1. Can you find even one residue in segment 455-463 that is open to solvent by less than 60 Å² (accessible area, probe 1.4 Å), at pLDDT below 95 and closer than 30 Å to residue 266 by Cβ?
2. Limited to segment 356-388, what total is found for residues that are open to solvent by 70 Å² or more (accessible area, probe 1.4 Å), assigned to a helix (DSSP H, G or I) and not aromatic (Phe, Trp, Tyr)?
3. Out of (1) among the aliphatic types (A, V, I, L, M); (2) without any contact (Cβ under 8 Å) to a residue 60 or more places away in the chain; (3) in the same structural domain as residue 9 (by the TED database), what's the single condition that is false for residue 101?
4. Can you confirm whether segment 307-315 contains a residue that is on the phi > 0 side of the Ramachandran plot and not in a helix (DSSP H, G or I)?
5. Does residue 532 meet the test of being surrounded by fewer than 22 Cβ atoms within 10 Å (Cβ to Cβ), under 23 Å from residue 504 (Cβ atoms) and in contact with a helix residue (DSSP H, G or I) (Cβ under 7 Å, 6 or more places away or on another chain)?
6. Here are the criteria: (1) without any contact (Cβ under 8 Å) to a residue 12 or more places away in the chain; (2) over 20 Å from residue 339 (Cα atoms). Tell me which single one residue 322 does not satisfy.
7. Which one of the conditions (1) at pLDDT 95 or above; (2) more than 18 Å from residue 235 (Cβ to Cβ) does residue 409 fail to meet, given that it meets all the rest?
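The values are calculated or read from the model by the stated rules, or taken from the named source; none is laboratory data. None of these values were measured; they are calculated from a predicted model. Note that each Cβ is placed from the backbone with ideal geometry, even for glycine, and that neighbours are counted across all protein chains shown. Accessible surface areas use protein heavy atoms only, side chains included; no ligands, DNA or RNA. Shrake-Rupley method; radii C 1.70, N 1.55, O 1.52, S 1.80 Å.
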Amino acid sequence: MTTVAALLFLTVSAIGWGGLALRATTGAVPRGRHESVAFAFVIGQGVLGWLTFWPAVTHMASAPVAAGLCAVGLCGLPWLARNAEPKPETVSGRPDWILRAIVLLAGVIAAGDVLEALAPPADADSLAYHFVIAKHLAETGRLDFVPRAVDGAVPPLTQLVSGLAYSLGGERAMTLWAMVSGWGLALAAYALALRWLNRRWAAAAAVTILSMPAVLFGAGTGQVEVRSAAFATIAVAVAADALTRRDRGGFVLSGVAAGCMMAAKLTGMLLVAAIGAAMLTRPYGRRQVVLFGLTAMAVGAPYYVWCWLNTGDPVFPMLWGMLPGQDPTLWNTAQAAYFKARFNGVELLLPKTVAWWLAYPLRVLVDSHPVFEAGRTGFGPWPLIAAGFALWGGWQARRTVWRSPLATWLMVAALFYSLWFWLGPSQRIRHLLPVAPLVFLVLTIAAERATRCSPARLALKAGLVLTLAVQCAGQGVFSLQYIEHLRSGETREAFLAHNVDSYQAAAWINRHLPASAKVLHERRELNYLLERASFQANPEQEGRVEVRPDNDDPALFWRQLRHQGVDHIFHTLPDDGSRTGVGGLTMQLEAAGCARQIQRFHQSQRVESRALRVVKPIDETNVLWQLTPATCPF
C-alpha cells in the first residue's frame with residue numbers, strides 16, 4: 001500500500017471506529033458536525049489502539065490484520081454521516097478576512113508539520129521507544145514487554161496505532177500519521193470552542209493551542225502528550241455534559257476517552273481519578289461514577305494487567321517491594337534506591353509544599369529552568385495574557401459560573417494538577433499538557449465574554465495577535481532544518497548523521513555485524529536506528545544488567561550480558577580509569593580476555609539543538625567490542 005493510501009485509510013478508519021464508539025455509547029453524535037468528526041477521529045484512534053493490543057500481545061499482528069481492523073472501522077462512516085447535524089449550534093457569521101488570516105496561520109503550522117513528517121524521525125524520545133514499539137510491531141507482529149523504567153514499561157496505545165501505520169505504509173506513513181493524529185487536539189478544541197465563541201475566536205483559540213511550544217514539540221513525533229491531551233479534553237467535556245444532561249451514555253463515552261488516555265500514559269490514572277472526584281460533587285454524578293470508572297478500567301486496565309503478569313507490578317517499577325511475586329532479576333532493592341535518588345534529584349526542582357503547589361503554575365510560565373523545560377515545551381504567553389481578563393469575566397458571572405460545564409472543566413484540571421504535583425515523579429511542564437487545552441479554552445472564553453463591550457477588548461486582541469505571532473515564528477524556526485533538508489535533497493543518511501549522535505556508528509553496525517548479533521549500548525536513540533537486536537543499558541532505569549556506580553564486578557556483568565544474549569558492546573571509551581559503568585566494566589572484561597575491540601568511531605561534535613542546528617565540539621572515542629567467550633575465565 002502506498003504511503004498516502006495508507007495514511008488516508010488509517011485516518012478514515014479512525015473516524016469510522018470513533019463513529020461506532022459514539023453510536024455504541026451515547027446512541028447519538030455530539031453537538032454538530034464539527035464535534036462529531038473531531039470526537040470520532042480522536043476516540044477512533046484509541047479504539048484502534050485498544051483493538052491492536054490483543055493480536056500484538058498474542059504475537060498475531062500483521063499487515064493483513066492491520067488492514068482488516070482498519071476496514072471494519074469504515075462501517076461507522078455511514079451512520080456518522082447520516083446522524084451528524086449539518087451545523088454547530090453557535091451562530092458564526094460569514095467568513096471574513098480575519099478568519100481567513102487565522103486559517104492561513106493554521107496552514108503555516110500545518111505546512112511545518114508536513115515538512116517534519118517528510119523528514120526521517122530524529123526526536124530522541126521517539127527513537128528511544130515510541131517509534132521503536134511501532135517498528136517492532138510491524139516487523140515482528142508482536143508487542144514485547146521491556147522491563148525498563150520510564151521509557152520501557154510504558155502504556156503503548158498510541159504507539160500501537162503508529163505500528164498500524166508502519167505496517168500499512170512503512171516509516172513515512174508512520175511519521176505522517178504522527179502529524180495527522182496530532183491535529184486531533186486542535187480539531188476537538190475548535191469544535192468545543194464553537195459552543196461559546198464565534199468562528200473567529202474559536203479558530204484563534206484552536207490555533208493558539210496548536211502552536212503552543214509543547215504541542216509543536218511533540219505533535220509531529222511519537223510522543224504521547226498531545227494525543228493524550230485530545231483524549232483528556234474529550235473525556236472531561238463529555239463528562240461535564242453528562243452531568244448537566246443526566247446522560248448515562250455520556251459517562252460511558254467519557255470513560256472510554258479517559259481509559260484511552262490511561263492506556264496511552266500513566267498519568268491517565270490521575271485523569272480518571274480527577275473526573276471521578278468531580279462527579280462525586282454532583283448528586284447524579286455520584287450515582288454514575290461506578291459506571292464511568294468501570295468503563296475507564298475496561299479500556300485502560302489491560303496494559304496494567306499485562307505489566308503485572310510480566311513483572312508482578314502493574315505500574316513497574318513504582319510498587320517495587322510492596323507486592324508479592326516480583327521478579328528480582330528485573331529489579332532489586334539497590335536498583336530501586338538508586339533510581340529514586342537519581343530520578344528525584346534530576347526531575348524534582350521544587351519541594352512539594354503547599355506554597356509551591358500554589359506557585360508552581362506561575363513559576364513555570366516565567367521560568368525556563370531545564371527541569372521544567374518550559375522554554376521549548378512550555379505553554380507560551382497566552383495564559384499570562386488572558387488570565388486577568390478571564391478573572392474579570394469570572395467575577396462578572398460569579399452567580400452563574402458554577403453551573404456552567406466550564407466550571408467542571410476547571411475542577412478536573414485543578415484536581416489533575418494537584419494529584420500530579422503531589423504524587424508525580426517529575427516537574428516537567430509538558431506532563432500537564434493533557435489538561436492545558438481545557439484551561440486555555442476556559443481562559444479564552446471568559447476573556448472574550450468579559451471584553452465584549454469594553455475598551456479592554458483591543459488589548460485582548462493585541463495580546464492574542466502577539467501570542468500567535470510569537471508561536472508561529474517558533475514553528476518557522478523549528479521548520480528551518482526540514483526546509484533545508486528538502487531543498488538540498490540530502491539523503492536520509494545525511495540528515496540523520498547531523499541530527500542524531502552516533503548515527504555513523506549505527507550505520508556501520510548495520511552493515512558489518514551479522515543478523516544474529518545483539519548489541520548493548522547506552523545511547524537511547526540507537527534503539528530505533530540499529531537493525532540488529534539491541535539492549536539499552538542504563539544505570540538508573542535498567543536492572544537486568546546492573547551498571548550502577550556501586551557495581552564494579554566484571555563477573556556479574558558478564559553473567560548478566562550472557563543471560564540477555566548480548567555479544568557486542570558499544571560505548572564511549574572511558575578516559576578516567578573508572579571500573580564502573582558500561583565503559584569501566586567493559587574495559588575490565590577486555591583486560592580479562594572476555595572482549596576485544598573491533599571498531600573505533602571518533603565523534604567530534606554533539607547535537608545540542610536540532611531546531612537551531614547548534615552543535616557542541618567534543619573529542620570522544622566510541623568503541624565497538626565483541627565478547628569472546630572462548631577466552632573468558634568467568
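1. No: segment 455-463 contains no residue that is open to solvent by less than 60 Å² (accessible area, probe 1.4 Å), at pLDDT below 95 and closer than 30 Å to residue 266 by Cβ.
2. Of segment 356-388, the ones open to solvent by 70 Å² or more (accessible area, probe 1.4 Å) are 356-358, 362, 366, 368, 370, 376, 384.
If we keep only those that are assigned to a helix (DSSP H, G or I) too, we end up with 356-358, 362, 366, 384.
Subsequent filtering for residues that are not aromatic (Phe, Trp, Tyr) retains 358, 362, 366, 384.
So the count comes out to 4.
3. Unmet condition: (3).
4. Yes: segment 307-315 contains one or more residues that are on the phi > 0 side of the Ramachandran plot and not in a helix (DSSP H, G or I).
5. Yes: the conditions hold for residue 532.
6. Looking at each condition in turn, residue 322 falls short on (2).
7. (2)
Let's see how each residue does on (1) without any contact (Cβ under 8 Å) to a residue 12 or more places away in the chain; (2) outside the structural domain of residue 225 (by the TED database); (3) in contact with a strand residue (DSSP E or B) (Cβ under 9 Å, 6 or more places away or on another chain); (4) within 14 Å of residue 529 (Cβ to Cβ):
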{"site": "128", "(1), (2), (3), (4)": "no, no, yes, yes"}
{"site": "131", "(1), (2), (3), (4)": "no, no, no, yes"}
{"site": "147", "(1), (2), (3), (4)": "no, no, no, no"}
{"site": "151", "(1), (2), (3), (4)": "no, no, yes, no"}
{"site": "161", "(1), (2), (3), (4)": "no, no, no, no"}
{"site": "164", "(1), (2), (3), (4)": "no, no, no, no"}
